[in-house]
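**Student:** Encoded as structure tokens, here's the structure I'll be asking about.
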Amino acid sequence: MEKTIKIVDRKYINILREFTLFVFKSREQGTLLGFVWTLLHPLLMLIILYMLFSKRLGKGIEYYEIYLLIGIIQWNFLSTGTHEGLKSIMKNHSILRNIYIPRTAIVVSSVLAVFISFLIELLILGGFIIFSGLGFSPALLLLPFVVLIQLIMVISISLVLSCLNVYFKDTGYIWNIILKIGFFITPVFYSIPMFISKTKMTAYFLNPMTQLMIFMRQIIIFKTLPPLLNILVVFLAALILLAVCYSVFKKLEDGVVERL
Amino acid sequence: MIKLSQVSKQFVIHPRRSLLASLRSFGRGVNNLPVYQTICALDKVSLSLKKGQTLGVIGPNGSGKSTLLRIIAGIYKPTSGVYKIEGEVASVLQTKINLFPEISIKENIFLFGAIMGLERGEIFKKYKEIIAFAGLDEYVDAEARILSEGMRERLAFSIGMQTCKDILLLDEVILAGDSKFQERCFEVMVRFKKEQKTIVLASHDLKIVNQLCDEALLLNKGRVLAFGKTKEVVGSYLKLPEK
């Protein structure tokens, strides 16, 4: 039986919506503060990093608190989104073994549940922007596109990680280490020119997270449009990543269900 | 319509060994290569089921009944062979784990309704029927985890029945609940037959298979031993030396 899932398939969208709501609700289920925890984490990170670095690394960076919060929120989405995606197949193994559900929907909705938190965090960032007197500019219209690029990236990575996690239980640990290293080599709390020479900078700019953070900061803090060519290159890279990760997922998914 | 031709399914048993254990055995000079074992769950199974027919799949434990149902449901892909399924498949296999315990019964119904291919509006229409059929009117907002095993089975079965459009796959779940519930299940199954819905029922209960199924398939160690009129196939099953 051919079960091809088109992205515009009505059934697929219904599953995606219901499953995203389910994951979003069950993430905070049983906790006293519930959804507040999702918001407390980036705020706490902001306070700690601001206290630690505002005098040194943040020196000379305009609106360092906003600069920092953008980095934290974007990094948080990458980290939490890929973690939830990674666990998604294993977490729902009993359902996957007994009912046919498009497997991509399980992974994508796990990421989308984190994406909802990410969007709310962006709203809080908006509050910070107003409070700090920075204000908004028309450049902000490009922000959804940057957010979309990051969403594509997180979904792509999660698709591959979710399968690998079934084949190799060590995947979660390894990904954790990669994220820990990534946090320090991505300008979450510092700006790149402070540390490296121009030649080394090229290597830094190959990190798509660096690019996405630069885009978002440029739009929000500097109120200018990032070079469109740069945005298009990163968008194209994200689409290629999605195509590669999706085909890897499709190759592995049947074996994955049998191993659950 | 369900048509299977020479369908086989093999599972590879992967030995789970940590990297450390592999390195240790390598250090000791022991053969480090993992040994893969292959199990043939289904061996060249062929069957054809027309719209509106009810098939009973019988056989001893480990004969391949659940694997066959999972292939029809699209959960597993066969290792070899050709198959064609026409229509939407609703499956109720292993009801005990087919619900999400952390969300309410109402949310479970909406989630599973979507999984079975229903629109929100359609689920709204069927919602009351599902609850009433499962006899859980008082528990709609309760988390599924508080339900007893029987209640969970009833709910899962009820969702499967109410959301079935063309083909319903059942794995031992007809036995869910008390005798009253079983009676209602029978009534629905009879109605399904009238509505030209196809049912595939895997069961150890030969009485139920005899009462409900037009045809039966006897499996043993993944092979088809008999396929045809229910009475004859059940008779062959009873003659098997070890069930």
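**Student:** Could you work out how far helix B:179-194 tilts from the main Cα principal axis of chain B, as a 0 to 90 degree angle to the nearest 10?
**Tutor:** 90 degrees
**Student:** Across 5 Å bins from 0, what is the distribution of all Cα-Cα pair distances for chain A, in whole percents?
**Tutor:** Result, from short to long distances: 1, 6, 12, 16, 19, 16, 13, 9, 5, 3, 1, 0, 0 percent.
**Student:** Classify chain B: rounded, prolate or oblate, from the alpha-carbon gyration tensor (a ≥ b ≥ c, eigenvalue square roots; a/c under 1.5 rounded; otherwise prolate if a/b is larger than b/c)?
**Tutor:** oblate
**Student:** Can you tell me the Rg and Dmax of the protein assembly as shown, counting just the alpha carbons, in angstroms?
**Tutor:** 27.1, 88
**Student:** On to the next question. Which is the longest run of chain A containing none of the trypsin sites (Lys or Arg not before Pro) found in DSSP loop states (not H, G, I, E, B) with at most 12 other C-beta atoms within 10 Å?
**Tutor:** That would be A:60-168.
**Student:** Continuing with the same structure: Can you tell me the orientation of helix A:228-259 relative to chain A, as the angle in degrees between its alpha-carbon axis and the longest Cα principal axis, to the nearest 10?
**Tutor:** Result, in degrees: 30.
**Student:** In nm, what is the difference between 0.36 nm times the number of residues separating A:ASN207 and A:ILE48 and their Cα-Cα distance?
**Tutor:** Residue separation times 0.36 nm, minus the Cα-Cα distance, leaves 54.7 nm.
**Student:** Sticking with this structure for a sec: What base-10 log of the normalised intensity I(q)/I(0) is obtained for the stretch A:1-133 from the Debye formula, alpha carbons as equal point scatterers, at q = 0.19 Å⁻¹?
**Tutor:** Values, matching the q order: -1.07.
**Student:** Still on this structure, please answer the following. If one takes the longest principal axis of the Cα atoms in chain B, at what angle in degrees, from 0 to 90 and to the nearest 10, does the Cα axis of helix B:120-134 lie?
**Tutor:** Taking the Cα atoms of chain B, the angle to B:120-134 is about 90 degrees.
**Student:** Evaluate the Kirkwood expression for the hydrodynamic radius of the stretch A:168-229, namely the inverse of the mean inverse distance over all pairs of different C-alpha atoms, and round to one decimal in Å.
**Tutor:** 13.3 Å
**Student:** Among B:VAL7, B:VAL224, what is the fewest-to-most ranking by other Cβ atoms within 10 Å?
**Tutor:** With the sparsest Cβ surroundings first, the list reads B:VAL224, B:VAL7.
**Student:** Considering only lysines 8 or more places apart in sequence, or on different chains, count the pairs in the stretch A:1-144 whose C-alpha atoms sit under 25 Å apart.
**Tutor:** Qualifying lysine pairs in the stretch A:1-144: 10.
**Student:** GNM on chain A, C-alpha springs below 10 Å: top fluctuator among A:SER109, A:SER247, A:SER158?
**Tutor:** Looking only at A:SER109, A:SER247, A:SER158, the biggest GNM fluctuation is shown by A:SER247.
**Student:** Relative to the present Cα-Cα distance, how much length would full extension add between A:THR199 and A:LEU143 at 0.36 nm per residue of separation?
**Tutor:** 17.3 nm
**Student:** If you don't mind, there's one more thing I want to ask. With +1 on the Cβ of every Lys and Arg and -1 on the Cβ of every Asp and Glu, and nothing else charged, how large is the dipole of the protein assembly as shown about its Cα centre, in debye rounded to the nearest 20?
**Tutor:** 1240 debye
**Student:** What is the magnitude of the charge dipole of the stretch A:178-260 about its Cα centre, with +1 placed on the Cβ of each Lys and Arg, -1 on the Cβ of each Asp and Glu, and no other charges, expressed in debye to the nearest 20?
**Tutor:** 340 debye
**Student:** Per residue, what volume in Å³ does the convex hull of the Cα atoms of the stretch B:171-243 enclose?
**Tutor:** Expressed per residue, the convex hull around the Cα atoms of the stretch B:171-243 is 96 Å³.
**Student:** Could you identify which residue out of A:MET216, A:MET201, A:MET153 has the top mean-square fluctuation in a GNM of chain A using Cα springs shorter than 10 Å?
**Tutor:** Of A:MET216, A:MET201, A:MET153, the most mobile in the Gaussian network model is A:MET201.
**Student:** A further question follows. Using a Gaussian network model of chain B whose springs link C-alpha atoms within less than 10 Å, name the residue from B:THR79, B:THR163, B:THR230 with the highest mean-square fluctuation.
**Tutor:** B:THR79
**Student:** Quote the charge dipole size of chain A about the Cα centre in Debye, to the nearest 20; the model charges only the Cβ of Lys and Arg (+1) and of Asp and Glu (-1).
**Tutor:** That gives chain A a dipole magnitude of about 220 debye.
**Student:** Sticking with this one: Report the extension gain between A:ILE116 and A:VAL248 in nm, rounded to one decimal, defined as 0.36 nm multiplied by the number of residues separating them, less their alpha carbon distance.
**Tutor:** This chain segment gains 44.9 nm when fully extended.
**Student:** Provide the percentage of antiparallel DSSP beta bridges, counting only those with both residues in chain B; round to the nearest 5.
**Tutor:** Just about 55 percent of them are antiparallel.
**Student:** Please give the Cα centre distance for the stretch B:92-169 versus the stretch A:123-202, rounded to the nearest Å.
**Tutor:** The stretch B:92-169 and the stretch A:123-202 have Cα centres spaced 39 Å from each other.
Since every read-out is calculated from the coordinates, none of them should be taken as a lab result. All values reported here derive from a predicted model rather than from experimental measurement. Neighbour counts are summed over all protein chains in view; Cβ atoms, including those assigned to glycine, are modelled from backbone coordinates with ideal geometry.
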